[in-house]
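The values are calculated or read from the model by the stated rules, or taken from the named source; none is laboratory data. As the structure is a prediction and not an experimental result, all values here were calculated from the model. A quick note on method: Cβ atoms are made from the backbone with ideal geometry, for glycine too, and the neighbour counts reach across all protein chains shown. In case anyone asks, the SASA skips ligands and DNA or RNA and just uses the protein heavy atoms, side chains included. Shrake-Rupley method; radii C 1.70, N 1.55, O 1.52, S 1.80 Å.
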Amino acid sequence: MSTGTDVSGGLCMSEYFLSLKGICKRFPGVNALTDVSLDVKNGEIHALCGENGAGKSTFIKILTGVYQSNDGEMLCEGKVVRFNNTKESFSLGITAIYQELSILPNLTVAENIFLGRELRIPGFGLLDYRKMNHLAKTALLELGIDIDVTKTASEYTMGYQQMIEIARALIANVKLIIMDEPTSSLSGREVDVLLKNIHKLKEKGIAVIYISHRLEEVLAIADRITVIRDGCKIGTMERSEADEEKIIRLMVGRTLEEKFPRHQAQKGDIALRVRNLNQRGRLKDISFDLHKGEVIGFAGLVGAGRTELARAIFGADKIDGGIIEIFGKVVKINSPKDAIHHGMAFLTEDRKGQGLILMHDIIVNSTLTGLKKFCKFGYFIDQKMVVAEVDEMMRELQIHPAIPKMTTRLLSGGNQQKVVIAKWLCSKAKIFIFDEPTRGIDVGAKVEVYNLINRLVYEGAAVIVISSELPEVMGISDRILVMNSGKITGEFSCLEVTPEEILKAATGGIKNECKHA
C-alpha cells in the first residue's frame, strides 16, 4: 500500500473518512467505471444505488483492494492511498459484508468473530478461548444480540450470522463497513434488527456504505444517496431531496410507469393439480389447482413451507403422500428429471448454488435442460444450432453483455437470473415455478422479469411465484395462496385482498378454505 502525504499539508481534520476522485476501471472491451467521484463522511450512512451491472460491485472491489483503479485518486482520512490487496484496505479500517456471507459454519461464533485475528495466551502460544469468548459475547451484546458464542455458527439463522459479521468488524475497530444487499435473505424482524444496529454503528462514528435494491430501506436509513448508471456517477442527494420515483428515474434513465406491469392472459385448462400432498414435518395436506395462463403467488413468513412445497412438487425432495396431476394425468415425480420430462421448470431461490454452473459460460448454462433437441444422430451436438438459439434468447431476454462465451459468474445478479430463465425456456417447459425470482436484482431488472412472466402466461404457460415481498406477490399474481407451518391457510383473489388479510393468514390468524379454483 502506498500512502502519500496529508493533502492539507498538516494534521487532517476532514469530515470525510473517504474521498474518491475520478475513479476509472477498465476491463478488456468494457469500461466498468468512468470518472466516478464519491465522498463518505465519518459516521455517515451513505446509500449506493444502481441497476445490476451499473458498476457497484466493481466500485466495492476497488474500495476493498480486490481491484486497482486505472485512473483517479483515493483519499483515506485525508491521505492519498492505493490498495494492492484486501489486507491493505482492512488495515485502514475498511471492510465489506457481502450478500453471500463469509461465515464458516463449522466454527463457533467466537472463532468466526476472531478469524484471522485469534488471541493467544502469552508465553504459551495456545489460543485464548476464554478471552475470545468474552470479547465476542461483549461485541454481540453491544448489538443487542445475546447468543451462545461457543455454539457453531450453523446453529443460527442468517440474521444472526449477519450480526456475527458486524461483531467481527467491531472487534477489528473498523471505520467503514460496506454492506452489499444485507437484507436480501432476512425476515422482516431480522431486517428491523439489522437497521437498528446500523444506526448504532453510526452513533459510534462508523461510516456505512449501504447497497440495496429495496428503496424503502434506503429512504428509511440513508443520510445521503448516490446513484450510478452504466459505470458513471449520476448524482448524490440528501435523503430529504429523494423519493423512490426520483431514485428509480436516475437508476434506469427513465420513469417506470408501473412497478408491476400486468397483461391479462386467457385462463385455460388445469395444468397442475395437487391433492393432499404431505411431507413429514414439513407439509400438511396441500391441495390446489394451477391453470394455463395463470399466475399463482405463494405468500407466507420465513419457514412457512413455500420452498419445501416447490421442491416436493419438482421431485427434489420426496413426499410421503398425495397426488400430482399434470394436464389431467396423474404422474409420479420422484426426481427433477421426472419433473422436467413432464414439462416443469423450477427456478430456485439460490440461483448461484443451484441454478447455474458459475464457471461455465452463458451457452452451456442456457442449454443444460434442452441438449437433446440440438443432437444429431443421437450423439453429436450441432454447435451452430446451439449458438443460434442462445443468440436469440440473449436478444429476447436482453442479457448484457451479449457475449455468449462470457462466464456466468462475471454477470450481474439480474443477468444471471435471465440466464437461469433462458435455461428453462430452452426446455420448452409449460409449468414454471419461480422461487424468489427478483431477490437481489434491481428495479429495472425486476420489471423485465415481470414482463417475462407475463409473456409466459400469455403464451399459455402456468406459473407459480414464491416471494417474500408482499407487494410483489400482490402485484403479479392472479390468485394468492398463503402458507403457515406447512399448510395453506388462505386463498385470495389479487383484486380483492388486502395486505392485512394476507398477513393474518400468514400468521395463522384467519383461515380461508382453499377453493382449488
Any idea how many residues of the range 69-120 are of a type in the set (D, E, K, R), surrounded by fewer than 19 Cβ atoms within 10 Å (Cβ to Cβ) and in a helix (DSSP H, G or I)? 2
Test of understanding: among M344, M385, which residue is farther than 24 Å from S184 by Cα, surrounded by 17 or more Cβ atoms within 10 Å (Cβ to Cβ) and not charged (D, E, K, R)? M344
Have a look at T307, T226, T236 and point out the one that is open to solvent by less than 30 Å² (accessible area, probe 1.4 Å) and among the hydroxyl-bearing types (S, T, Y). T226
Please name all residue pairs, on different chains or six or more residues apart, with Cβ atoms under 6 Å, provided the first residue is in the range 146-165 and is touching a residue at least 12 places away in the same chain (Cβ under 8 Å) and the second residue is open to solvent by 60 Å² or more (accessible area, probe 1.4 Å) and outside any loop (DSSP other than H, G, I, E, B). V149/K137
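Is it the case that the range 258-270 has a residue that's in contact with a strand residue (DSSP E or B) (Cβ under 9 Å, 6 or more places away or on another chain), on the phi < 0 side of the Ramachandran plot, crowded, with 21+ Cβ neighbours inside 10 Å and not small (G, A, S)?
no
Table: residues versus (1) touching a strand residue (DSSP E or B) at 6+ places or on another chain (Cβ under 6 Å); (2) surrounded by fewer than 21 Cβ atoms within 10 Å (Cβ to Cβ).
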{"site": "R168", "(1), (2)": "no, no"}
{"site": "I171", "(1), (2)": "no, yes"}
{"site": "I178", "(1), (2)": "yes, no"}
{"site": "P182", "(1), (2)": "no, no"}
{"site": "S185", "(1), (2)": "no, no"}
{"site": "G188", "(1), (2)": "no, yes"}
{"site": "D192", "(1), (2)": "no, yes"}
{"site": "N197", "(1), (2)": "no, yes"}
{"site": "I209", "(1), (2)": "yes, no"}
Filter result (more than 16 Å from G303 (Cβ to Cβ), open to solvent by 60 Å² or more (accessible area, probe 1.4 Å) and not in a loop (DSSP other than H, G, I, E, B)) within the range 482-508: E500, E501, K504
Please state which of the following conditions I248 fails to meet, knowing it meets all the rest: (1) farther than 30 Å from D35 by Cα; (2) touching a residue at least 60 places away in the same chain (Cβ under 8 Å); (3) buried (at least 20 other Cβ atoms within 10 Å of the Cβ). (1)
So if I check each of I286, I313, which one is modelled with pLDDT of 95 or more, open to solvent by less than 10 Å² (accessible area, probe 1.4 Å) and under 13 Å from S485 (Cβ atoms)? I286
Could you please tell me which pairs satisfy a Cβ distance under 9 Å, a separation of 6+ or placement on different chains, a first residue in the range 396-409 that is without any contact (Cβ under 8 Å) to a residue 40 or more places away in the chain, and a second residue that is part of a helix (DSSP H, G or I) and of a type in the set (D, E)? A402/D391
What are the pairs with Cβ atoms under 6 angstrom where one residue, in the range 324-337, is closer than 21 Å to G370 by Cα and open to solvent by 40 Å² or more (accessible area, probe 1.4 Å) and the other, located anywhere, is modelled with pLDDT under 95 and not β-branched (V, I, T)? Sequence gap at least six, or different chains. P336/A316
Helices (runs of 4 or more DSSP H) contained in the range 361-454 and holding at least 2 residues over 21 Å from A345 (Cα atoms): 383-397
Does V274 satisfy the condition of being at negative phi, surrounded by 13 or more Cβ atoms within 10 Å (Cβ to Cβ), without any contact (Cβ under 8 Å) to a residue 60 or more places away in the chain and not charged (D, E, K, R)? yes
First in the range 50-68 and within 25 Å of A402 (Cα to Cα) and open to solvent by less than 10 Å² (accessible area, probe 1.4 Å), second anywhere and acidic (D, E) and at pLDDT 85 or above, Cβ under 9 Å, 6 or more apart: I60/D180
